[in-house]
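**Student:** Pasting a structure below so you can have a look.
The values are calculated or read from the model by the stated rules, or taken from the named source; none is laboratory data. The model shown is predicted, which means the values in this text are computed figures rather than measured ones. In this analysis, Cβ positions are derived from the backbone assuming ideal geometry, glycine residues included, and neighbour counts consider all displayed protein chains. Ligands, DNA and RNA are stripped out before the accessible areas are found, and what is left, the full protein with its side chains, is counted by its heavy atoms. Shrake-Rupley method; radii C 1.70, N 1.55, O 1.52, S 1.80 Å.
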Amino acid sequence: MEKISGYYSLKVISLWITNREITLPKLQRGFVWKPKQIEALWDSILRGYPIGALMTTDKKELLDGQQRCTSIALGFINPFEKQDIKSFLSLKNYFPNIWIDLKPSKKTQTQQFVIRVVNKSHPWGYQLQDNSKSLPMSDRRNAIEFFKLKQPDAAQYIDFLQENINPWDAFFPIPLSFLLSASIENEEKFISELKDKIQLLKIKTKYSGNQEVNFNDLNDNDLKSFFKAAKKANELILPEITVTSELLIEDSSSDKESEQANDPTLFVRLNSSGTAISGEELIYSIYKSMFPKSKETVENIAADYLSPARVINLVSRIIEVEVKKSQNLPKPFNPNKFRIELKNIDFKEKLNLFIEGKKPKELFQRAIDILKNGNNDFPPAILKQFVTSNINLFLVLLLYIKKQGNSLDLDVASIYVHILWFNKDKNKTIESLFRKLLNENKTWKEAADELETEKLLLSLLEPTRVTEILEYCSENLKPWDKEFENLKNTFSDYAEFFDNGTWKEFVVKIRDNKSMLLYAQREYLQTKFKEYNQFENLDDTNRPWDWDHIYPESWVKNLKQISNFVKNWFNTNGNFRALSYDDNRSENNHFSPKKRFEKDQNIKDSFVSESNLKYWKNLQVKGIKHGDNENIKIFLHAVTGRTTDIYKEWYNTYYNKHSSLNSNI
């Protein structure tokens, strides 16, 4: 049974959450709204549009409205005041701030009020006319320069405090809380209070030039529409629909234990028209409804690398292998399959015992330690890529560790990444690996040798040989991806590598895999982002660096008659470097390679070897054209040489770390 039990203003809702007067059922997911959704909600609120009802239980559990309530509460936060708030429902640690532009000269067709969201990973906000896109690097660089003036002790941009940031692509932005906290007793008083608050702001934006935003350019008429908007926001109420908590109890006469478990069906139905719920999220909701006491345990299993929903899916597949003695790698669970398996008492009990015994945490940590391959200073961002880029491969690793215990062969990490990066048929390779390791009791080295024999993995050339071939191509201007017969004749001692597209496929793998580049630059990343993994709360950028071109993009883009050799290698690892937003702000994107590498620290950070540096310093021609063979050769030597240096770094320090690993060619 349901009933209308109350009506709540936005102010009451904001206090309702911060004072913890309402809780989330354990089956609820986290905060998933993107900045553009927050902005759209507040545009609707200020226009007086209805934004729906809230649904709670008689125990004050919020069933429907978490995303809206959290976004509403965020609008009342003043970034210049200290907040004694540890969390908004599921949003923890760092809260986005919401601003509003009082006089934008541009806006999207759907906006009446230009709301601006800034957060930890985008302290400068998003594009004004397309709020789903990041700002261009030039804007980010200028924003960082200003924010640094306000907080010079910030080691990197993700350390900026909320009181020192503001939206950059805006004209007259102020915190939304200024608007919401001004008196709406009458228009004159509202404008007077708002002006008093605004005069305290010392900010710059993209459009204010070298000066602070001059809010004196706003007149009373500019602010009148905001009085009406603030009144609409103040008068807006959300009805509360209350349902009995029994609606969350699953009706299951076949399983008495589940009679007191929450049923996620209502939750899913309520959210079906909002942000889509993934199958894994629903499975995790089902799990929490069955085992509510395990929520904290699950969230601590692999918190730095995998979501709780992904952990439950992986652990369920591990238990399925154990229960069913599977001969094939189990497929990911979908909600229906998970419900069915939970009716199997053996599966259900083993799943719960495995998690409650905290065995998954030990298992996952062991897998992470193995993937470090002895590198204690391994940047978490690279490890995360190892874990998440192919979850089936990570599952095979977990199953192998669980089976073998501590008696693991030393080649596991090296071959794991070999499979991850040099895989020819992903699904077939991992299925075959599962059978060889789990059913046939092979070691990783034995399994990898057989996979290579079966042509499921690319054989790997030693770095010296890669260097030799690419230097030959660069010096003689031979297209590496076409001159197979000439290369086969020239390098006849391993001619088979030029058959069946092997050479071309191999070069594509090493020149385009940015994870290999990150590994080469790991010392720089570790210095800049020691604890960086990802930002947890908003669906946002997943890295605090840019892929910077060493040979500048402006020297190639939109220019005519550029050499095909230059075009072919321009957007590859050899010409890219990971560069933090902080460092990028201090460099001009039009600098020549020689100018970029005037400082020894830049050379080291960019992973440029001494032998390779001479070519980069000789690259001073903008737009290398067809026929300019001298500069084409210099460019190719610079880029292909750095490509092989990047490959060599991984091959020698990670892949070939143990003497039992030797290339077949």
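**Student:** I'd like to verify a number: residues in the stretch 141-181 that are hydrophobic (A, V, I, L, M, F, W, C), closer than 17 Å to Lys224 by Cα and open to solvent by less than 10 Å² (accessible area, probe 1.4 Å), how many?
**Tutor:** Qualifying residue count, the stretch 141-181: 3.
**Student:** Looking at the stretch 206-220, which of the residues that are in contact (Cβ under 8 Å) with a residue 40 or more places away in the chain and open to solvent by 70 Å² or more (accessible area, probe 1.4 Å) is nearest to Arg140 (Cα to Cα)?
**Tutor:** Going through the qualifying residues, I end up with Lys206.
**Student:** Give Phe535, Phe607, Phe565, Phe591 a once-over and let me know the one that is among the aromatic types (Phe, Trp, Tyr), modelled with pLDDT of 90 or more and either part of a loop (DSSP other than H, G, I, E, B) or open to solvent by less than 40 Å² (accessible area, probe 1.4 Å) (or both).
**Tutor:** One residue alone meets the criteria, Phe607.
**Student:** What number of residues in the stretch 489-503 are open to solvent by less than 50 Å² (accessible area, probe 1.4 Å) and assigned to a helix (DSSP H, G or I)?
**Tutor:** Of all residues in the stretch 489-503, those open to solvent by less than 50 Å² (accessible area, probe 1.4 Å) come to 491, 494-495, 497-498, 501-503.
Filter again for assigned to a helix (DSSP H, G or I), leaving 494-495, 497-498, 502-503.
Count: 6.
For every residue, the table says whether it meets (1) among the aliphatic types (A, V, I, L, M); (2) within 27 Å of Phe529 (Cβ to Cβ); (3) in contact with a Leu (Cβ under 7 Å, 6 or more places away or on another chain); (4) open to solvent by 20 Å² or more (accessible area, probe 1.4 Å).
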residue	(1), (2), (3), (4)
Lys350	no, no, no, yes
Ile401	yes, no, yes, no
Gln404	no, no, no, yes
Lys428	no, no, yes, yes
Ser432	no, no, yes, no
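**Student:** List every residue pair whose Cβ atoms sit under 7 Å apart, with the two residues 6 or more apart in sequence or on different chains, where the first one lies in the stretch 445-466 and is modelled with pLDDT under 90 and the second, anywhere, is surrounded by fewer than 20 Cβ atoms within 10 Å (Cβ to Cβ) and among the β-branched types (Val, Ile, Thr).
**Tutor:** Filtered contacts from the stretch 445-466: Ser459/Ile665.
**Student:** With the condition kept exactly as written, say whether any residue in the stretch 477-486 is closer than 28 Å to Lys625 by Cβ, more than 23 Å from the chain's Cα centre (by Cα) and in a helix (DSSP H, G or I).
**Tutor:** Within the stretch 477-486 (the criterion being closer than 28 Å to Lys625 by Cβ, more than 23 Å from the chain's Cα centre (by Cα) and in a helix (DSSP H, G or I)), the answer is yes, since at least one residue qualifies.
**Student:** For the structure I just gave you, tell me whether Ile286 is over 25 Å from the mean Cα position of the chain (by Cα) and assigned to a helix (DSSP H, G or I).
**Tutor:** Against the criterion (over 25 Å from the mean Cα position of the chain (by Cα) and assigned to a helix (DSSP H, G or I)), Ile286 qualifies.
**Student:** Then there's this: Out of the residues in the stretch 23-42 that are charged (D, E, K, R) and within 21 Å of Trp124 (Cα to Cα), state the one that is modelled with the lowest pLDDT.
**Tutor:** Lys34
**Student:** I need the full set of residues from the stretch 277-308 which are at pLDDT 85 or above, of a type in the set (S, T, N, Q) and either open to solvent by less than 50 Å² (accessible area, probe 1.4 Å) or more than 21 Å from Asn334 (Cβ to Cβ) (or both), in order please.
**Tutor:** Ser294, Thr297, Asn300
**Student:** Go through the stretch 117-131 and report how many residues are open to solvent by 10 Å² or more (accessible area, probe 1.4 Å) and either assigned to a strand (DSSP E or B) or without any contact (Cβ under 8 Å) to a residue 40 or more places away in the chain (or both).
**Tutor:** 2
**Student:** Out of curiosity, is Glu21 outside any helix (DSSP H, G or I) and of a type in the set (D, E, K, R)? Break it down into steps so the answer makes sense when it comes.
**Tutor:** Details: outside any helix (DSSP H, G or I): yes; of a type in the set (D, E, K, R): yes.
Spelling it out, Glu21 is indeed outside any helix (DSSP H, G or I) and of a type in the set (D, E, K, R).
**Student:** Out of the residues in the stretch 49-93 meeting the condition of being modelled with pLDDT of 75 or more, in a loop (DSSP other than H, G, I, E, B) and acidic (Asp, Glu), tell me which one is least open to solvent (accessible area, probe 1.4 Å).
**Tutor:** Checked the stretch 49-93; the qualifying residue least open to solvent (accessible area, probe 1.4 Å) is Asp58.
**Student:** Same structure again: Can you tell me which condition Ser225 does not meet? The list is (1) modelled with pLDDT under 90; (2) touching a helix residue (DSSP H, G or I) at 6+ places or on another chain (Cβ under 8 Å); (3) under 30 Å from Phe113 (Cβ atoms); (4) part of a helix (DSSP H, G or I), and all the others hold.
**Tutor:** Checking Ser225 against (1) modelled with pLDDT under 90; (2) touching a helix residue (DSSP H, G or I) at 6+ places or on another chain (Cβ under 8 Å); (3) under 30 Å from Phe113 (Cβ atoms); (4) part of a helix (DSSP H, G or I), the one that fails is (2).
**Student:** Further question on the same structure: Restrict the check to the stretch 329-340 and report whether at least one residue is closer than 23 Å to Val412 by Cα and among the hydrophobic types (A, V, I, L, M, F, W, C).
**Tutor:** Checked the stretch 329-340: at least one residue is closer than 23 Å to Val412 by Cα and among the hydrophobic types (A, V, I, L, M, F, W, C).
**Student:** Contact list please: Cβ distance under 8 Å, first residue in the stretch 30-58 and more than 18 Å from Tyr8 (Cβ to Cβ), second residue of a type in the set (Gly, Ala, Ser) and open to solvent by 10 Å² or more (accessible area, probe 1.4 Å), pairs at least six apart or on different chains.
**Tutor:** From residues that are more than 18 Å from Tyr8 (Cβ to Cβ), the pairs are Gly30/Ser90; Phe31/Ser90; Lys34/Ser132; Lys36/Ser132.
Conditions (1) at pLDDT 90 or above; (2) among the basic types (Lys, Arg); (3) not in a helix (DSSP H, G or I), marked per residue:
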{"position": "Lys103", "(1), (2), (3)": "yes, yes, yes"}
{"position": "Gln111", "(1), (2), (3)": "no, no, yes"}
{"position": "Ile115", "(1), (2), (3)": "yes, no, yes"}
{"position": "Lys133", "(1), (2), (3)": "no, yes, yes"}
{"position": "Ala155", "(1), (2), (3)": "no, no, yes"}
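**Student:** Of the residues Thr467, Thr453, which single one is open to solvent by 50 Å² or more (accessible area, probe 1.4 Å) and β-branched (Val, Ile, Thr)?
**Tutor:** None of the other options fit; the residue is Thr453.
**Student:** Which fully enclosed helices (runs of 4 or more DSSP H) of the stretch 357-417 have 2 or more residues being at pLDDT below 90 and more than 19 Å from Glu322 (Cα to Cα)? First the steps, then the outcome.
**Tutor:** Details: elements: 359-372, 380-388, 391-404.
Correct list: 380-388.
**Student:** Scan the stretch 428-443 residue by residue and report those that are among the basic types (Lys, Arg) and closer than 10 Å to Leu329 by Cα.
**Tutor:** The one that is among the basic types (Lys, Arg) and closer than 10 Å to Leu329 by Cα: Arg435.
**Student:** Here's a follow-up. Within the set of pairs 6+ apart or on separate chains, which have a first residue in the stretch 133-145 that is farther than 17 Å from Ala155 by Cα, a second that is in a helix (DSSP H, G or I) and open to solvent by 20 Å² or more (accessible area, probe 1.4 Å), and C-beta atoms under 8 Å apart?
**Tutor:** Pairs found: Ser134/Arg140.
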